[in-house]
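For reference, the structure discussed in these notes is given below.
The values are calculated or read from the model by the stated rules, or taken from the named source; none is laboratory data. Predicted, not measured: the structure shown is a model, and the values here were computed from it. Cβ coordinates were reconstructed from backbone atoms using ideal geometry, including for glycine residues, and neighbour counts include every protein chain displayed. Each accessible area value is taken on the protein alone, full model and side chains, heavy atoms only, with ligands, DNA and RNA left out. Shrake-Rupley method; radii C 1.70, N 1.55, O 1.52, S 1.80 Å.
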Amino acid sequence: MLNTGLNNQQVRQRNKQLFMRLMWRHKRLSKSRLSQLTGLSIPAASKILQELVDEGRVWHSCIKLSNRGQNSGSFQLPDVGDWTLCMNITPTRIESVIADARLVAQGAYQHFAIEVAEPEALLNEIEKIWQQQRKRWPERTINLALAIHGQVDPVTGVSQHMPQAAWKKPIELKYLLEEKLGIQVRVDNDCVMLALAEKWLNSSHQADFCVINVDYGIGSSFVINGLIYRGSLNGSGQIGHTIIDPNGAHCSCGRQGCLETVASLSALKRQSRLHEQSEHSLSTAQLLRHWQAGEPWVLEWVDRAAKAIGMSLYNFLNILNINQIWLYGRSCAFGESWRETLVHQIAFNPFDQNDSPKSKATNIQFGQLDRASQILGIGYLYVESEQGI
């Protein structure tokens, strides 16, 4: 909380930061639209825009966004500057999208299956994809933004624990890649990637929301008052390790009965191995086919998983009172019945007055961003650093 007022210079700086956030979100805006979005007068908007143009942070363009009234063109982010190769990384796959200085995709979304037994092999796979893009765009400086599955320290850029990996030791991704490639590298968790994508690329986002990623594991990321909430130890969002059954199955974190042991895809696959009395688990595609065919044993597991996630969310909602939740991950393929079962578990929230005419009842929906946009989300680590967020 601020204990002192703001002088004119500080107010101007805050307004400039607000303008830049809007420019990053929309890429191109007219002066009148910026005035509308910020509530500032046209003359005030003109002064701020002129300062940003003089600083080279915004370019003026002759492109008109409206044919009504007098129109002096529009303003856009500069298209010069470093590019960003955005990646989502697990021990079995790498997804990537390359973006220009405005974080606009300049190539198609790519997906690579990988098989790595040691950290050095993973680093080599990342470098190989980066070198391919460098060869394609030799005149560009291409930095890296990496979304990593598992526990990450975004300050040091260390992958501390990556589920499914053959190794257990941490990897200093940022340091090693910066030393080897001579570029900037930013690293954070894959759920933070989804939260950043929703924050910057979903025009209808709220100041407070949560993303839940239900996939091999179950992760989450919270945005509170427009800011990613990481916690002092960068451990926020570990919803998959909330305990729902103290006497339940052992979890990879060392405890028993975590949500992931019941409701993640890895848990469902382990159950399928037991049910089929096989040494091998069903694949995600096979699980979905059994579910679509109405196999009772899969329907029961999927229903139990949705109820468990819903109950964990109920507890989070009572604590944080966030009423917009976006669902992502391969489990979303279980469809509307899965989502409705999950939603039903939070219907008993005594603070969710959904019968009010001015209701802000909890809204749990499937995320609407395509996979390329989700991957681009991690690139906004650079934007937030520049903005001091």
Check: Quick check, is V158 in the same structural domain as T90 (by the TED database) and farther than 17 Å from A99 by Cβ?
Finding: yes
Note to self: Please pick out the residue among A99, A44 that is of a type outside the set (D, E) and open to solvent by less than 30 Å² (accessible area, probe 1.4 Å).
What the structure shows: A99
Note to self: Let me confirm something: among Q292, Q277, Q256, which residue is among the polar types (S, T, N, Q), open to solvent by 30 Å² or more (accessible area, probe 1.4 Å) and at pLDDT 90 or above?
What the structure shows: Q292
Margin query: When you check L6 against the structure, is it in a loop (DSSP other than H, G, I, E, B) and open to solvent by 70 Å² or more (accessible area, probe 1.4 Å), yes or no?
Written below: yes
Check: Looking at I244, I239, which one is open to solvent by less than 20 Å² (accessible area, probe 1.4 Å), of a type in the set (V, I, T) and in contact (Cβ under 8 Å) with a residue 60 or more places away in the chain?
Finding: I239
Item checked: Criterion violated by I212 - all others in (1) more than 24 Å from V262 (Cβ to Cβ); (2) assigned by the TED database to the domain that holds Q238; (3) not small (G, A, S) satisfied -> (1)
Next item on the list: State all residues of the range 220-230 that are open to solvent by 10 Å² or more (accessible area, probe 1.4 Å) and in contact with an Asp or Glu (Cβ under 7 Å, 6 or more places away or on another chain); if no residue qualifies, say none.
Entry: I224, N225
Check: Given the residues E198, E139, which is the only one that is acidic (D, E), more than 20 Å from Y229 (Cβ to Cβ) and either within 15 Å of the chain's Cα centre (by Cα) or outside the structural domain of S221 (by the TED database) (or both)?
Finding: E139
Check: Considering the range 154-174 alone, what residues qualify as being closer than 30 Å to K269 by Cβ and either part of a loop (DSSP other than H, G, I, E, B) or open to solvent by 30 Å² or more (accessible area, probe 1.4 Å) (or both)?
Finding: P154, Q160, H161, M162, P163, Q164, A165, A166, W167, K168, K169, P170
Check: Which is open to solvent by less than 80 Å² (accessible area, probe 1.4 Å), over 19 Å from E179 (Cα atoms) and in contact with an Asp or Glu (Cβ under 6 Å, 6 or more places away or on another chain), of Q106, Q76, Q110?
Finding: Q106
Margin query: Condition check: open to solvent by less than 10 Å² (accessible area, probe 1.4 Å) and of a type in the set (G, A, S). Does A117 satisfy that?
Written below: no
